[in-house]
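Report on the structure given below.
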Amino acid sequence: MKIFLDTANLEEIKEAISWGVINGVTTNPSIIAREKNVDYYKQIEEICKIVDGPVHAMVTSRDLDKMVEQARKLRNIAPNVVIKIPLTFNGLKAIKILKSEGITTNATVVYSATQALLAVNAGASYVSPFYGRIEDLDYENVIKDIVNIFKNYNYQAEILTASVRLPIHLKKAALAGADIATVPLNVLRQIIMHPSSDIALTEFLNDWEKGCNVDAISN
């Protein structure tokens, strides 16, 4: 499973990339707005300077023509920009148009397997079911259903789990068969900072300071 970082903060991106676990970045208008007084397109450009993998940027209009226009502008920033399109009637139309132009899209705000089916038929390269927002709606089975449908018909689109808010969400998404999960930095920190790992490391270092040799510690 690939892990993307869900943020628009440049310092967070640099930090997570230094850990060697990040394959891409996802953003949305809400995340961009948290950065306070930044230009949307400029911020995506700055992210693309840091990230080699896909950078997902969302359109901010419901109007078809405006969605397509904004998607083209975002894609012109860098070739690794993926356009997030909401799964609406106009969104499906936009995905089809952009597919014909060779622009990679991510169908976002997906809440059911049948929505994912429509998105991939329209031409989406990614579909993004939202975890935290549909946790009470039998989420794992939604992901499993999408996985099975895509396998049945050999669809090549990737399933990108979004709205991951807790470490257990990442685990469940992986067990359900999602290709990607996009995770905030604070959730990644929680995963790394396991209390048992801290206890074991403390014991090893304390033993070393007491004069144990390397062979004794490894045993």
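In region 30-43, how many are within 20 Å of Ser163 (Cα to Cα) and among the β-branched types (Val, Ile, Thr)? Walk me through it before giving the result.
At the first step, the residues of region 30-43 found to be within 20 Å of Ser163 (Cα to Cα) are 30-35.
Going one step further and asking which of them are among the β-branched types (Val, Ile, Thr), we end up with 31-32.
Of the residues in that region, 2 qualify.
Would you say Asn148 is farther than 15 Å from Asp179 by Cβ, open to solvent by 20 Å² or more (accessible area, probe 1.4 Å) and not in a loop (DSSP other than H, G, I, E, B)?
It is false that Asn148 is farther than 15 Å from Asp179 by Cβ, open to solvent by 20 Å² or more (accessible area, probe 1.4 Å) and not in a loop (DSSP other than H, G, I, E, B).
Hey, can you tell me all the residues within region 1-27 that are open to solvent by 60 Å² or more (accessible area, probe 1.4 Å) and either of a type in the set (A, V, I, L, M, F, W, C) or not in a loop (DSSP other than H, G, I, E, B) (or both)? Don't jump to the end; show me each part of the working.
Let us first name the residues in region 1-27 that are open to solvent by 60 Å² or more (accessible area, probe 1.4 Å), namely 1-2, 11-12, 14-15, 17-21, 23.
Passing the criteria: Met1, Lys2, Glu11, Glu12, Lys14, Glu15, Ile17, Ser18, Trp19, Val21.
For the condition within 23 Å of Asn23 (Cα to Cα) and either charged (D, E, K, R) or at pLDDT 95 or above (or both), what is the one hit in Ser163, Ser128?
On the way: Ser163 fails: either charged (D, E, K, R) or at pLDDT 95 or above (or both).
Result: Ser128 is the single residue among Ser163, Ser128 that is within 23 Å of Asn23 (Cα to Cα) and either charged (D, E, K, R) or at pLDDT 95 or above (or both).
Starting from region 57-83, take each residue that is without any contact (Cβ under 8 Å) to a residue 40 or more places away in the chain and list its partners that are surrounded by fewer than 16 Cβ atoms within 10 Å (Cβ to Cβ) and part of a loop (DSSP other than H, G, I, E, B), counting only C-beta distances under 6 angstrom and pairs at least six apart or across chains.
Met67/Ser61
Can you tell me which residue is least open to solvent (accessible area, probe 1.4 Å) among those in region 109-125 that are touching a Phe, Trp or Tyr at 6+ places or on another chain (Cβ under 8 Å) and within 16 Å of Met58 (Cβ to Cβ)?
Across region 109-125, the extreme among qualifying residues is Val110.
Here are some residues: Val127, Val109. Which one is part of a strand (DSSP E or B) and touching a Pro at 6+ places or on another chain (Cβ under 8 Å)?
Criteria check complete, one pass: Val109.
What helices (runs of 4 or more DSSP H) completely inside region 28-100 contain at least 1 residues that are touching a Ser or Thr at 6+ places or on another chain (Cβ under 7 Å), at negative phi and exposed (fewer than 15 other Cβ atoms within 10 Å of the Cβ)?
The qualifying helices (runs of 4 or more DSSP H) are 29-33.
Conditions tested, residue by residue: (1) modelled with pLDDT of 75 or more; (2) more than 22 Å from the chain's Cα centre (by Cα); (3) open to solvent by less than 70 Å² (accessible area, probe 1.4 Å).
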| residue | (1), (2), (3) |
| --- | --- |
| Glu158 | yes, no, yes |
| Pro167 | yes, no, yes |
| Ala176 | yes, no, yes |
| Asp179 | yes, no, yes |
| Thr182 | yes, no, yes |
| Leu188 | yes, no, yes |
| Met193 | yes, no, no |
| Thr202 | yes, yes, no |
| Val214 | no, yes, no |
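The values are calculated or read from the model by the stated rules, or taken from the named source; none is laboratory data. Here the structure is a predicted model, which is why all the values come from computation and not from measurement. Glycine gets a Cβ as well: all are built from the backbone with ideal geometry, and neighbour counts include every protein chain shown. All accessible areas refer to the heavy atoms of the entire protein, side chains included, with ligands and DNA or RNA removed. Shrake-Rupley method; radii C 1.70, N 1.55, O 1.52, S 1.80 Å.
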